[in-house]
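Beneath this line is the structure, given in structure tokens, with notes to follow.
Coordinate-derived values only; no laboratory data. What you see is a predicted model; the values in this text were computed from it and never measured. Quick reminder, even Gly has a Cβ in these numbers, built from the backbone with ideal geometry, and neighbours come from all protein chains shown.
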Amino acid sequence: MLGALALPAVLAVGTPAARSDLTLAGKAELFDADLAERFTPFGDGQVVARRWLPTAGRPDVTYNMSDSAYLTGIYCATQTWRYRATGDPDAARLAGAACAALGHLATVSGRPGLLARGASPVAVPWFDDGVWRTSPDGRHRWRGNVSSDQVDGLMFGVFVHFSETDAPGVRARMAPFVSAIVDAILGGGRRIVGYDGTPTTWGHYEIDYVRDREPMNALLLLQMVKVAHAVTGDLRYERAYRQLIAEGYARIGERARLDRPPLRANHSDDVLIALALYPLLELERDPSIRAHYLEAARRWYRGGVHPGVGVEANPLAGFFWRHWTGEGGGVAPGVETLRRMPLDMKWNRATIDAYAERFGFTFDPGPPALEAAPGGPLPIERRGRTWSFLVQNPYRPGADRTPPAPFETNGLDYLLSYWFGRAHGLIGPAE
């Protein structure tokens, strides 16, 4: 087991990189406004990952939607925590809209329980790969080949919204589509069965698959079944959960994070593990079962032969670990990551300048300020553009962010971390 964790050793070499004079709260206000205005383009609460800028050959702004179910679930949780922290009715409205969008993504295919990765009105231009189909009513196009990622993000958002909102009728709105998704997976042999009747590429939760190939998916299946029972109250899901426990799924899930050298670590999976563990650790009260989830969390955060996420100054990881264990060593480094996160990880300079005028801040695109110790994770300003710094490998140096990029991305990674921290007393409102 690794020892006490702290911010990686660094060497100061100049003025901070791409620094703004925004407070943490001011940066959250900026990202919240941008996400609501530019990354929920259909007016239905659905979040898109990338906003592709017009080109000579493609004159329209278009959107990448291959991870919309995942992102919309995270956004639903984020705005729910924002409402808990502030009582702002706009946050409650946005969380409710995201929840409704999850219901739309779960039903737009016309097949019970067949979740769509993303959906858009047929009249809206779009630029995305994959196979798209038209909804039965002819009003939407939707993308299939759903992965376990999408279900994980959706169930995480459903759980947080269900457990922390006081809005009337939440259970009644969620229960039908949550039941349909889980019933389809359990009824499909613990697989996500696609439109063509065959399992999707990354939609496997069978016992031999999780035992021999992907132990993380053991946690993901336990999460969805546990959340289904909490939301619906249907004892079928409690029985299914107990069956999974009896088959060893919780024990297998202890190995969810593969013990790999840092440059080979899968940080996308690290987020999926966190999203699965959160509902499980909130809901499970049996100490013998809970111990499996805490061991999975320990391996995820502390690591084994190789370091876990705890050395990376990852704000969400440090905040979740504090929430689960009471150990707060990752909180201050995580807050510092949020403070230093440069706006040009997400946006081109023209967008930043427009927001600087609108929100009244200054932006300094100066040289990087910090270098990592040899072999250590890089400070966030040393990393390249990304749609989510939570899934970005912090051991890989980023490319130059100065040239304009063909697309821009949202600040949901910042917002998820920040609003969880605010809602749980780890970040003060004046910071």
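Comparing THR62, THR362, THR409, which has the greatest mean-square fluctuation in the GNM of the chain with Cα pairs linked when under 10 Å apart?
Evaluated over the chain, the most mobile residue of the options is THR362.
Enumerate the calculated ³J(HN,Hα) couplings along the stretch 335-342 in order (Karplus 6.51 cos²θ - 1.76 cosθ + 1.60, θ = phi - 60°), each rounded to whole Hz, writing x wherever the residue is Gly or Pro.
Whole-Hz 3J(HN,Hα) from phi for the stretch 335-342: 4, 5, 4, 4, 5, 8, 4, x.
What label, among [x] 59, 54, 39; [y] 75, 52, 44; [z] 105, 44, 43, belongs to Cα extents along the principal axes in Å computed from the structure on display?
[x]
Please report how far the C-alpha centroid of the stretch 52-111 lies from that of the stretch 379-410, rounded to the nearest whole angstrom.
What the calculation gives is 22 Å, centre to centre.
Show that you can apply the helix-only estimate: for the chain, add -39,500 (n - 2.57) for every DSSP H stretch of four or more residues, divide by all residues, and state [θ] at 222 nm to the nearest 500. Write out the running numbers ahead of the final one.
On the way: 15 runs with 205 residues, N = 431.
Helix-only estimate at 222 nm: -15500 deg cm²/dmol.
When the chain is treated as a GNM, springs tying every alpha-carbon pair under 10 Å, which of GLY303, GLY375, GLY203 comes out with the largest mean-square fluctuation?
Per the Cα network of the chain with a 10 Å cutoff, GLY375 tops the list.
Ordered by packing density, taken as the mean number of other Cβ atoms within 10 Å over each peptide's residues, highest first, how do 153-162, 79-88 rank?
Working: 153-162: 27.0, 79-88: 21.0.
Going by the mean number of other Cβ atoms within 10 Å, highest first, we get 153-162, 79-88.
Only Lys, Arg, Asp and Glu count, each charged at its Cβ (+1, +1, -1, -1), so figure out the dipole size of the chain about its Cα centre, rounded to 20 debye. Present the calculation step by step, with values, prior to reporting the outcome.
Values: 47 positive and 47 negative charges, 106 e Å.
Rounded to the nearest 20 debye, it is 500 debye.
Quick one: which residues, 5 or more positions from GLY194 or on another chain, have an amide H under 5 Å from its amide H? H modelled 1.01 Å from N in the peptide plane, none for Pro or chain starts.
Sorted by chain and number, the residues that satisfy this are THR200.
Using alpha carbon coordinates only, what is the Rg to Rh ratio of the stretch 47-297, with Rh defined as the Kirkwood radius? Let's see the in-between values first.
Values: Rg = 18.1 Å, Rh = 18.6 Å.
So for the stretch 47-297, dividing Rg by the Kirkwood Rh gives 0.97.
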